[in-house]
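Derivation of every value follows stated rules applied to the coordinates shown; laboratory data play no part. Being a predicted model, the structure only gives us computed values, none of them experimental. Neighbour counts are summed over all protein chains in view; Cβ atoms, including those assigned to glycine, are modelled from backbone coordinates with ideal geometry.
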Amino acid sequence: MSKRRVLIVDDDVNLSRLSGMILENSGKYEVMIVNESSRALPAAIQFRPDLLLLDVDMPGKDGGDLAREAATDPRLSGIPILFLTGLVSHSEAGTSPLERGGMKFLAKPVEPALLLATVGDLAPAGLAA
């Protein structure tokens, strides 16, 4: 079984490390963390992730900017995106990902079980070639 690759882009070093540890400790995912949005797309092109996990609110380019840029790059355009945001509460997001315009959002700090379930839905482990 091949591990799926997840690129986490979040300016919060502690939360990005926590999310990365949750995913890596499952044994199903290989994670790369980028804490500067300006480095996200070059890292994605090099790392070739199966999923982009993007913080919504970051200095410089925000998650929406990165998602739009990824969608126009043929090397990244098919990669699913999951947004993490502190802009909604857990009660607003409920116990499942919040979906707006076809995009999935999780409230920060993310619940480990919900993160694993959502990432598993968007980038199931064991499908990599």
- DSSP beta bridges in region 4-122 [antiparallel fraction, %, rounded to 5]: 15
- Query: In what sequence do Leu41, Leu116 fall when counting other Cβ within 10 Å, fewest first?
  - Reply: Leu116, Leu41
- Query: Of Pro42, Leu23, Pro74, which is farthest along the charge dipole of region 4-122 in the positive direction, counting Lys and Arg as +1 and Asp and Glu as -1 at C-beta?
  - Reply: Pro74
- Query: Kirkwood-based Rg over Rh for region 4-122 (C-alpha set), two decimals?
  - Reply: 0.92
- Task: Using the Cα centre as the reference, give the magnitude of the dipole from point charges on the C-beta atoms of region 2-85 (Lys, Arg: +1; Asp, Glu: -1; all else neutral), rounded to the nearest 20 debye.
- Result: 460
- Task: Can you bin region 16-76 into rounded, prolate or oblate? Criterion: square roots of the alpha carbon gyration tensor eigenvalues sorted a ≥ b ≥ c, rounded for a/c under 1.5, prolate for a/b above b/c, oblate for the rest.
- Result: oblate
- Note down the relative contact order for region 4-122 as a percent, whole number, built from C-alpha pairs under 8 angstrom at least six residues apart. 23
